[in-house]
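Shown next, in structure tokens, is the structure this report addresses.
The values are calculated or read from the model by the stated rules, or taken from the named source; none is laboratory data. Only a predicted model underlies this, so the values are computations on that prediction, with no experimental measurement involved. Virtual Cβ from ideal backbone geometry, glycine too; neighbours counted across all protein chains shown. Calculation scope for accessible area: heavy atoms of the full protein, side chains included, ligands and nucleic acids excluded. Shrake-Rupley method; radii C 1.70, N 1.55, O 1.52, S 1.80 Å.
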Amino acid sequence: MQPSNVANPSYFHKVVDCQWACPAHTPVPEYIRLIGQGRYSDAYMVNWVSNVFPGILGRTCDRPCEPACRRSRVEENNGALPEPVAICRLKRVAADMKNDVSQRMPKLSPKNGKRIACIGAGPASLTVARDLAPLGYEVTVFDGEAKAGGFIRTQVPRFRLPESVIDEETGYILDLGVVFKSSQRIESMKGLLSQGYDAVFVGCGAPRGRDLQLPGRQEISNNIHIGIDWLASVSFGHVTTIGKRVIVLGGGNTAMDCCRSARRLGGSDVKVIVRSGFDEMKASPWEKEDAQHEGIPIINFHVPKSFEHSQGQLTGMTFEVVKAVYDAKGKRSLVATGEADVLVACDAVLIAVGQENAFPWIERGSGIQFDEWGLPVLNKTTFQSSLPQVFFGGDSAFGPKNIITAVAHGHEAAVSIDRFLNGEDVQRRPDPMTNLMSTKMGIHEWSYDNDTSNDARFKVPWAKAEVALANIRVEVELGFDAATAFKEAGRCLNCDVQTVFAAPACIECDACVDICPMDCISFTANDDEPVLRTHLKAPALNLTQDLYVSGELKTGRVMVKDEDVCLHCGLCAERCPTGAWDMQKFLLQTTQAGPSCRDGKMVSGVTA
């Protein structure tokens, strides 16, 4: 193998598994350390730069960072399923415990004469507005509702996300000089373009829920609801009750929100019924656990066949029982078991089997091309449509995802719009800004806490069930207190503090090999990667994480370190008699819209 190019920003970025997995590339260990120091406002602002909505995401994020967390791979003696750091819940700590941060928001540049329209006031559009408004662009956000937030406000139940948090964090953006035109739906793209906007960003989400056209559906419309529409009606207070016996169809997070909302609105017998197996459901594991914690059963492998009714009233649903069968290639099919159909009595059905895009207001002669699924044809890097001044992002771009993905889309689209309006090639993307700095403070002292905590993941306290289930606006999760947040923050392994190796200083004494608690350092003869991975002190089995390979040493051997299981404890650097090892903090920040993303001013490589 060739020596690892640690000067490439992506090398150490990939080692910080949580940040690598986050669509917005939030520097997770950086803000967790700040929380551990009680610097909540600083931690909030580190989050705000990347993910824009720390308080909202601290309650609702899909947490792609947590399955990637190194802690769950290396932790021992804490049960069969070690758990990652509670990254999402620590984000909420920063939001809940910060001081007033209004004075820390970006200062506004003079107007530059360019006008931008954002369609929809969801997370993608608001991210575009947040990135571009401080640069002098005149940004106007249109939305059909009275308040900003999009599906954050209309689809996420208040028992998960209080409205005050939405108001606060959307307010930070609107206060940046953004013009918010509430209760104004755009009816024509051509009409909007005729108003002289220099660029248009479409972030209107995937507003249409899928229906189920089964026998009996045409005869019965009362008490059968599309999940996302019903959640919006609940959010606005238009719906305050539901029948006692409720069936929720679907296995995603929307279905989980529906069933838990129905439980609070009078449903005493609420069931979730899905076609697939429990493990195949699209809902996040914690969403399923929360529903079950509230006494809601999830019934698997039941395929809906018909709506049953009598005298114009819904009485139940009939289901076919199926099982999963896999062919030689591992492809799954659902096959009937031959058991008798199952009739489940109910008073109401909530259909949450998926969402789809709808753009009836974009004329097909506008120059914007759509594919066979009704999605806009976009450049997946720039989010630019076939009409150069029109960009898409969030669910409206590639279909339903989640809030943090919409934020990431917004950042990238803002870079594209900024470059486009400055006459530059939108295909050329700015490198991230990176910094690599030694944490050495003495012979055996570092500027970070490298003592690995043995604590198991701490549980977030819940409101009492009799209180939480009695009122749909009572927040269920109470969040960590300061003491628990401090202890949970201590579980972070500081994966951004990198072990940096200087080959010329190494005398190959193997002291680092002896002291490494994870056996992840080896000195061995070089070879091709598949062979080298098996010749280490402990075989490096995770092919998704790189090997750190040095240049040739004095004996002809190379140093090889398995980045996958390193604890970043610094013992190798403490033990090394020549200082060949150092612990250096790596900070990566994606370059956002503005002068630094434009030609001639891009920052590349490692900056001082």
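Determine whether Asp481 is modelled with pLDDT of 95 or more, among the acidic types (Asp, Glu) and open to solvent by 50 Å² or more (accessible area, probe 1.4 Å).
So Asp481 passes the test.
Which residue out of Ser72, Ser102 is of a type in the set (Gly, Ala, Ser) and closer than 20 Å to Thr127 by Cβ?
Result: Ser102 is the single residue among Ser72, Ser102 that is of a type in the set (Gly, Ala, Ser) and closer than 20 Å to Thr127 by Cβ.
Filter the range 359-402 down to the residues that are within 17 Å of Ser125 (Cβ to Cβ) and of a type in the set (Asp, Glu) and list them by number.
The one that is within 17 Å of Ser125 (Cβ to Cβ) and of a type in the set (Asp, Glu): Asp395.
Going through the range 296-339 one residue at a time, which ones are out of contact with any helix residue (DSSP H, G or I) (no Cβ under 7 Å at 6 or more places or on another chain), assigned to a loop (DSSP other than H, G, I, E, B) and either in contact (Cβ under 8 Å) with a residue 12 or more places away in the chain or on the phi > 0 side of the Ramachandran plot (or both)?
Pro297, Phe301, Gln311, Gly312, Gly330, Thr337, Gly338, Glu339
Scan the range 20-36 and report the pairs whose first residue is over 14 Å from Arg92 (Cα atoms) and whose second residue is of a type in the set (Phe, Trp, Tyr), with Cβ atoms within less than 7 Å and a gap of 6+ or a chain change.
Arg33/Tyr448
Hey, does the range 210-221 have a residue that's charged (D, E, K, R), out of contact with any Leu (no Cβ under 7 Å at 6 or more places or on another chain), within 29 Å of Asp279 (Cβ to Cβ) and at pLDDT below 95?
Scanning the range 210-221, I find at least one residue that is charged (D, E, K, R), out of contact with any Leu (no Cβ under 7 Å at 6 or more places or on another chain), within 29 Å of Asp279 (Cβ to Cβ) and at pLDDT below 95, so the answer is yes.
Just to be sure I understand the filter: pairs with C-beta atoms under 6 Å, separated by 6 or more residues or on different chains, first member in the range 563-577 and within 17 Å of Val15 (Cα to Cα) and crowded, with 21+ Cβ neighbours inside 10 Å, second member of a type in the set (Ser, Thr, Tyr) and at pLDDT 95 or above. Which pairs pass?
From residues that are within 17 Å of Val15 (Cα to Cα) and crowded, with 21+ Cβ neighbours inside 10 Å, the pairs are Glu563/Tyr548.
Restricting attention to the range 105-112, does a residue exist that is within 20 Å of Ser182 (Cα to Cα) and charged (D, E, K, R)? Show your work before the answer.
Keep residues of the range 105-112 that are within 20 Å of Ser182 (Cα to Cα), which gives none.
So far as the range 105-112 goes, no, none of its residues is within 20 Å of Ser182 (Cα to Cα) and charged (D, E, K, R).
Count, please, the residues in the range 177-187 that happen to be within 16 Å of Ser109 (Cα to Cα) and crowded, with 18+ Cβ neighbours inside 10 Å.
1
Does any residue of the range 446-453 turn out to be under 17 Å from Arg575 (Cβ atoms), open to solvent by less than 70 Å² (accessible area, probe 1.4 Å) and assigned to a strand (DSSP E or B)?
Yes, the range 446-453 contains a residue that is under 17 Å from Arg575 (Cβ atoms), open to solvent by less than 70 Å² (accessible area, probe 1.4 Å) and assigned to a strand (DSSP E or B).
Hey, among the residues in the range 358-377 that are surrounded by 15 or more Cβ atoms within 10 Å (Cβ to Cβ) and either without any contact (Cβ under 8 Å) to a residue 12 or more places away in the chain or out of contact with any helix residue (DSSP H, G or I) (no Cβ under 6 Å at 6 or more places or on another chain) (or both), which one's farthest from Leu212 (Cα to Cα)? Walk me through it before giving the result.
Within the range 358-377, the subset surrounded by 15 or more Cβ atoms within 10 Å (Cβ to Cβ) is 359, 361-362, 366-368, 370, 375-376.
Those left that are additionally either without any contact (Cβ under 8 Å) to a residue 12 or more places away in the chain or out of contact with any helix residue (DSSP H, G or I) (no Cβ under 6 Å at 6 or more places or on another chain) (or both): 359, 361, 367-368, 370, 375-376.
On the way: Phe359: 21, Trp361: 25, Gly367: 33, Ile368: 30, Phe370: 25, Leu375: 21, Pro376: 25 Å.
Restricting to residues being surrounded by 15 or more Cβ atoms within 10 Å (Cβ to Cβ) and either without any contact (Cβ under 8 Å) to a residue 12 or more places away in the chain or out of contact with any helix residue (DSSP H, G or I) (no Cβ under 6 Å at 6 or more places or on another chain) (or both), the top hit is Gly367.
Taking the range 456-475 as the region of interest, how many residues are under 20 Å from Tyr31 (Cβ atoms) and open to solvent by 60 Å² or more (accessible area, probe 1.4 Å)? Full working, then the answer.
So the first thing to find is which residues in the range 456-475 are under 20 Å from Tyr31 (Cβ atoms), and the list is 457-458, 460.
Retained after the next criterion (residues that are open to solvent by 60 Å² or more (accessible area, probe 1.4 Å)): none.
Total satisfying the criteria: 0.
State which residue is nearest to the chain's Cα centre (by Cα) when the search covers only the range 422-440 and only residues that are polar (S, T, N, Q) and part of a strand (DSSP E or B).
Of everything passing the filter in the range 422-440, Thr434 is nearest to the chain's Cα centre (by Cα).
When you go through Asp96, Asp17, Asp42, Asp62 one by one, which is the residue that is buried (at least 18 other Cβ atoms within 10 Å of the Cβ) and free of Cβ contacts under 8 Å to residues at least 12 places away in the same chain?
Checking each option against the conditions leaves just Asp42.
Name the one entry in Ala352, Ala345, Ala336, Ala324 that is open to solvent by less than 30 Å² (accessible area, probe 1.4 Å) and in contact with a strand residue (DSSP E or B) (Cβ under 7 Å, 6 or more places away or on another chain).
Ala352
Of the numbered conditions (1) assigned to a helix (DSSP H, G or I); (2) touching a Leu at 6+ places or on another chain (Cβ under 6 Å), Glu287 satisfies every one except a single condition; which is it?
Answer for Glu287: the failing condition is (2).
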